[in-house]
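Read-outs throughout are calculated quantities, based only on the coordinates presented, and are distinct from any laboratory measurement. Being a predicted model, the structure only gives us computed values, none of them experimental. Backbone-built Cβ (ideal geometry, glycine too); neighbour counts: all protein chains shown.
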Amino acid sequence: MIWNKERETMPRREIEALQLEGLKWTVDRVYERVPYYRAKMDAIGLKPKHIRTLKDVQLLPYMTKQDFRDNYPFHNFAVPKEELVRIHASSGTTGKPTVVGYTRNDLEMWTELMARIVCQAGVMPGDTAQIAFSYGLFTGAFGLHYGLERVGCGVVPIGGGNTEKQLMLMEDFGTTVLIATPSYALYLGERAQELGIDIEKRLKLRVGLFGSEPWTEEMRRAIENSLHIKATDNYGMSELIGPGVAGDCEEFCGMHIAEDHFLVETIDSESGEVLPVGSEGELVFTSLDKEALPVIRYRTRDISVIDDTPCACGRTHARMRKISGRADDMLIIRGVNVFPSQIESALLGISGIGPHYQIHVYRRNHLDDLEVLVEFTDDTLLDNYKKLMALTEHAREKLYNTLGIHVKVRLVEPHSIERTQIGKAKRVFDHRNEPEQ
Ligand code: ADP
Ligand code: ZN
């Protein structure tokens, strides 16, 4: 079901006209109301009137996470605090969080966007949707909550964690839609199996909207097999609005970006140079109609590829490929660039190895060492040293072929790696700045 046919199937020319109007409106507004950004423009002699075409977006200075930090909490807002009807903040593990705010119109726009995302994932009015994202300052739960309600779904706002209760309600309420992080979805499937719940027979799950953390196609398949669900990917971030920026349609050929509300560019992370559509690079977004917190050329650090060819679903908005990594998650190991997602893909492609893993980086004798801990799935391997060693060797070889560097692999017992039940999974542990043991 297409939620907003007029907007979602708009011919490209019309999208671009709408975008230009939104861009001009946003630049005017920011120049007038956001002093730090006005100063950035003034420093290069740029005035709002210089923005005449969509391509002129490239004249505008970037915004980064640092701008949010420097203007904490409300100095980058374009409205007085009294006009905010909601304030969220990102989980920022160190220091002050990133604060984002919404006017009433912003919330309305976000709700509409979420309704769109939910429908394109295949959710229907009448579905029962269980939200296993944490409610709180994090944007995920509230975004989905209002979008699902708008579509006409029965929302079960259980929040994060409480796994056994999640499974009980799923069965008793006949939950058809699950909202969670991919890592938690996987954990739910695992717990169900441990509790002897026959998911296929006893649960009615049909669609999952997953996101908020990186996950690979291999992880998608693992979740689909375990929960007997169609697992859709959904992308967003607090700085832009929260979830709702992009989501899978039922064709599964990339996530449609809400191009009527956001202008997307891809840039080279290192040089900052704009890349042609279709090249892999860092995504940069400009909001087109946000009131409280307009963003101009916000550097996400997320790496993807944009595809603006038509989609079989009928929607005309460009699609972004699954995020393949974050510019700042890239590990440089002995000079070689390694993305955690490459490790996940390699490991999940090996049978006998579970989807739970951790990546540890050490510096020993001035050299970087990468160690991967991954669970084997077959309990009987505990008593079969030879087989265990063969599987370890296989994983080591596969990682070497994928990454081009030697990686230490330690196969660990099933269920021994801690599961993340609330919030985003932490899989990479960089010990290089810790004192050497
Ligand atoms: P925080 O983590 O600081 O609370 P957000 O929840 O807004 O902030 O997180 C946004 C980030 O989460 C994105 O920049 C991206 O790196 C990651 N993210 C969100 N959705 C996805 C997704 N579907 N796939 C991969 N990464 C995602
Ligand atoms: Zn589509």
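Under the criterion of Cα pairs below 8 Å and six or more residues apart, the relative contact order for segment 96-225 equals 25 percent.
For segment 16-94, GluC sites (Glu not before Pro) meeting the loop criterion (DSSP other than H, G, I, E, B) and having at most 16 other Cβ atoms within 10 Å: none. Counting Lys and Arg as +1 and Asp and Glu as -1 over every other residue whose Cβ lies under 13 Å from the Cβ of MET168, the net charge comes to 0. With Cα atoms defining each centre, segment 200-267 and segment 332-350 are spaced 22 Å apart in the structure. Annotation: the residues THR380, THR181, THR128, sorted from fewest to most other C-beta atoms within 10 Å of their own C-beta, follow the order THR380, THR128, THR181. Going from the residue with the fewest nearby Cβ atoms within 10 Å to the one with the most, ASP308, ASP233 rank ASP308, ASP233. Here's the list of aspartates and glutamates a cross-link from LYS387 could span, going by alpha-carbon distance under 13 Å and ignoring same-chain residues fewer than 8 apart: ASP378, ASP379. Look at the alpha carbon pairs under 8 Å that are at least 6 residues apart: their mean separation over the length of the chain gives a relative contact order of 14 percent. Straight-distance candidates among the lysines for linking to LYS230, with alpha-carbon spacing under 28 Å and chain neighbours fewer than 8 residues away dropped: LYS5, LYS165, LYS201, LYS204, LYS322, LYS424, LYS426. Looking at segment 1-326, the DSSP beta bridges with both ends there are about 65 percent antiparallel. For a straight C-alpha distance cut-off of 16 angstrom, the lysines reachable from LYS47 (same-chain residues fewer than eight places away being disregarded) are LYS24, LYS55.
Between 0 and 90 degrees, the angle of helix 139-151 with respect to the longest Cα principal axis of the chain falls at about 70 degrees. Helix 163-173 and the long axis of the chain differ in direction by around 70°, with both axes built from C-alpha atoms.
With Cα atoms defining each centre, segment 376-437 and segment 278-303 are spaced 35 Å apart in the structure. Phi-derived couplings, Karplus 6.51 cos²θ - 1.76 cosθ + 1.60 at θ = phi - 60°, listed residue by residue for segment 393-404: 4, 4, 5, 4, 5, 5, 5, 5, 5, 6, 9, x Hz, with x used for Gly and Pro.
Among PHE77, PHE173, PHE68, a tally of other beta-carbon atoms within 10 Å of each Cβ gives an order, fewest to most, of PHE173, PHE77, PHE68.
Sequence-ordered 3J(HN,Hα) estimates for segment 31-39 from the Karplus curve with 6.51, -1.76 and 1.60 and θ = phi - 60° stand at 4, 6, 10, 10, x, 5, 7, 4, 4 Hz, glycine and proline given as x.
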